[in-house]
Amino acid sequence: MFQYVSGLKIGEKLGSGAFGEVFCGEDPTHGKVAVKILSRRESHNDVTWPAFKVSYLAEARNLAKAEHRNVVRVHHVVETPDGQSVAICMAFCPGGSLQVPYEKGPMTLSDVRKIGTNVLMGLQAIHARGMIHRDIKPANILLNNRNEPQISDFGLVTDEIVLGYASQAGYCDHIAYEVWHGKGTSIKSDIWALGMTLYRLLHGKSWYEEAPPPAAIIPQGGFADSLRWLPHVPKAWRTMLRKMLNDDDAKRYQSDDQVLNALAKLPTPQDWEVCLTSNFVQWSRIQKSRRIVVEWNRPSMQKHQWEAWSEPLDKGRKRHLKGSQGEVSSKEALKGLEKFFS
């Protein structure tokens with residue numbers, strides 16, 4: 001295993017990505033840490049590897065100075081004596097990444113707003129230092145020991161390799177329209193990627209993957225207008241996310257502050273817990289002494305049926321609230337559900 005001059009000890013492997021591998025580590029000063037190791041690959045020659053390493057080290061050391069509660073703390077950066085490997089030593093986040101809850105299903109509006117607010121404050125710290133993240137996605141938002149979202153995995157992607165990296169890492173869906181067309185990344189492309197991240201967290205993996213692959217639509221334009229929404233997501237949320245995902249970066253929010261203000265103004269009706277499978281969706285919430293339940297069966301495009309009712313938490317009768325009154329088309333079901341949730 002790698003030996004580092006700082007006394008950093010490398011433990012079990014936690015995961016790997018397009019650029020390197022992540023391990024648990026033990027640091028003499030900071031105790032348990034996470035260590036991302038970047039090693040020279042066959043694609044690096046004697047010219048490209050030193051240049052890439054210098055850029056990586058400079059970015060990581062710059063970020064180490066950008067302390068913020070919503071950015072994973074970088075303790076230090078070290079390399080092997082032979083110069084063939086570099087490690088970035090970071091704070092360990094025991095809560096894992098938001099990829100896990102995203103894969104489980106839709107998150108509540110209040111949780112998504114809290115995550116969005118925290119990530120934006122972290123992005124402010126990064127952008128204030130003249131840096132662009134370029135890789136905002138659920139897997140790069142970690143939860144610390146207080147369950148606070150923190151941005152990680154920064155400083156590796158550059159404009160020169162962003163498209164190739166995205167293809168390798170499977171995150172092409174998070175590349176803004178203008179970047180596909182050669183304009184380059186910016187604060188506004190980070191805002192675009194955050195908009196996609198919030199949309200994914202609101203809907204969960206199963207719903208997200210029912211639609212055509214975004215990477216096939218985004219470069220053609222009009223992606224924001226193609227989004228499929230779960231019917232409980234309020235119109236104000238949809239409007240905000242469409243603006244974050246606008247093809248024209250001049251019509252997007254222009255700064256982290258602008259997005260923070262928009263998030264703060266969003267309505268947060270009582271949260272629905274959502275359970276979603278390929279052909280069934282259930283919403284539920286507690287209201288005083290009763291549970292409100294909405295179920296949507298959708299086995300095919302023309303065979304949809306939904307019903308809403310309330311049931312007592314203890315004793316009492318089930319009360320029918322609304323429903324489709326039999327099988328209807330998907331369009332009719334969505335219209336009825338949106339009216340109910342509004």
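How many residues are farther than 23 Å from Ile10 by Cα, at pLDDT below 85 and of a type in the set (A, V, I, L, M) when one looks only at the range 30-60? So the answer is 1. I'd like the residue in the range 191-215 that is modelled with pLDDT under 95 and assigned to a helix (DSSP H, G or I) and, out of all such residues, is surrounded by the most Cβ atoms within 10 Å (Cβ to Cβ). Among those that are modelled with pLDDT under 95 and assigned to a helix (DSSP H, G or I), it is Pro214. Being closer than 19 Å to Ser110 by Cα and not in a helix (DSSP H, G or I) is a condition met by at least one residue of the range 244-267. Comparison of Ser324, Ser300 shows that the only residue that is of a type in the set (Gly, Ala, Ser), modelled with pLDDT of 95 or more, in contact with a helix residue (DSSP H, G or I) (Cβ under 9 Å, 6 or more places away or on another chain) and more than 20 Å from Met107 (Cβ to Cβ) is Ser324. Which members of the range 269-317 meet the condition of being in contact with a Pro (Cβ under 9 Å, 6 or more places away or on another chain) and either small (Gly, Ala, Ser) or loosely packed, with under 12 Cβ neighbours inside 10 Å (or both)? The answer is Ser289, and nothing else.
Is it true that some residue in the range 220-231 is closer than 30 Å to Trp49 by Cα and either modelled with pLDDT under 95 or assigned by TED's automatic domain parsing to the domain that holds Pro106 (or both)? Checked the range 220-231: no residue is closer than 30 Å to Trp49 by Cα and either modelled with pLDDT under 95 or assigned by TED's automatic domain parsing to the domain that holds Pro106 (or both).
Those strands (runs of 3 or more DSSP E) of the range 282-342 in which 3 or more residues are under 22 Å from Trp237 (Cβ atoms) occupy 290-300. Within the range 61-76, if we keep just the residues that are touching a helix residue (DSSP H, G or I) at 6+ places or on another chain (Cβ under 6 Å) and at pLDDT 75 or above, the residue that is surrounded by the fewest Cβ atoms within 10 Å (Cβ to Cβ) turns out to be His68.
Count of the range 21-56 residues, restricted to those that are in contact (Cβ under 8 Å) with a residue 60 or more places away in the chain and either exposed (fewer than 15 other Cβ atoms within 10 Å of the Cβ) or not in a helix (DSSP H, G or I) (or both), is 8.
If we scan the range 234-251, do we find a residue that is at pLDDT below 95 and more than 30 Å from Ile132 (Cβ to Cβ)? No: the range 234-251 contains no residue that is at pLDDT below 95 and more than 30 Å from Ile132 (Cβ to Cβ). With in contact with a Ser or Thr (Cβ under 8 Å, 6 or more places away or on another chain) and either among the aliphatic types (A, V, I, L, M) or surrounded by fewer than 22 Cβ atoms within 10 Å (Cβ to Cβ) (or both) as the only criterion, which of Glu79, Glu103 stands out? Checking each option against the conditions leaves just Glu79.
The rows are residues; the columns are (1) over 29 Å from the mean Cα position of the chain (by Cα); (2) among the charged types (D, E, K, R).
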{"site": "Lys265", "(1), (2)": "no, yes"}
{"site": "Pro269", "(1), (2)": "no, no"}
{"site": "Phe280", "(1), (2)": "no, no"}
{"site": "His320", "(1), (2)": "yes, no"}
{"site": "Ser324", "(1), (2)": "yes, no"}
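The residue pairs whose first member lies in the range 221-241 and is part of a loop (DSSP other than H, G, I, E, B), whose second member is at pLDDT below 95, and whose beta carbons are closer than 6 Å, counting only pairs six or more residues apart or on different chains, are Arg228/Ala211; Pro234/Pro267.
The values are calculated or read from the model by the stated rules, or taken from the named source; none is laboratory data. The shown structure was predicted, so the numbers you read here are calculated from the model rather than taken from an experiment. Every residue, glycine as well, gets a Cβ built from its backbone with ideal geometry; the counts of neighbours run over all protein chains shown.
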